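The values are calculated or read from the model by the stated rules, or taken from the named source; none is laboratory data. Keep in mind the model is a prediction, meaning the values are calculated, not measured. Heads up: the accessible areas ignore ligands, DNA and RNA and are worked out on the full protein's heavy atoms, side chains in. Shrake-Rupley method; radii C 1.70, N 1.55, O 1.52, S 1.80 Å.
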Amino acid sequence: SMASPASSGASFPASDGQSRITLLAVDDDPISSSDNAFIGVEAATHQAMIQWAQVAEKNSAHPRLKFFAQQMFQENTEGLARLRQSNVWRSAVPTPVGLSAAHQAALTALSTTGNPMDKAYTELMTAELPVFIAQLQRWGAGSSARALAAHWSDLATRLTTYIDILRETSARVH
């Protein structure tokens, strides 16, 4: 994949030992108060998707859905790691990153196993993933902080690749 101009050569080792994260260069562009708020929302969404994926991977009856959940876990863990790598962005990430009431309710709804959980997870991700992608695209287009805008644009592009996988998996589950 092509590195964006804001990318650095630094990488973050994935759990499998392969370098999968290319960290965006930290620049001195100030971040606006809205960027600061968006980083908080991004961190909370990553945390929710990580927890949802953990439950789905553990409780799913479908190997393809388990695989999708593993991919969502990896992407969102990496996204959260990117935010924490930047000295500028890190200050906007809550510690700990909590779940909103809506995210917690969605997690509770996944507390079944097998087919009911599979259906609940695919419906949840079919609703939530496109919304998150659209937010990232809007934030990236509206930010004057170059590295942050590049991060949001890159993340939206990468997450978009999972929409077709989700559709295919959802069709098999329902």
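Summary table
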quantity: √(5λ) per eigenvalue of the Cα gyration tensor, region 47-118, largest first, Å; calculated: 26, 15, 6
quantity: Placed amide H near Ser86: partners under 5 Å, 5+ positions off or other chain; calculated: none
quantity: Per-residue ³J(HN,Hα) for region 66-79, Karplus 6.51 cos²θ - 1.76 cosθ + 1.60, θ = phi - 60°, Hz, x for Gly and Pro; calculated: 4, 4, 4, 4, 4, 5, 5, 4, 5, 4, 6, 5, 5, x
quantity: Rounded percent of accessible protein surface that carbon and sulfur make up, region 79-174, 1.4 Å probe; calculated: 56 percent
quantity: Per residue accessible area in Å² of region 32-174, where ligands, DNA and RNA are left out and the probe is 1.4 Å; calculated: 45 Å²
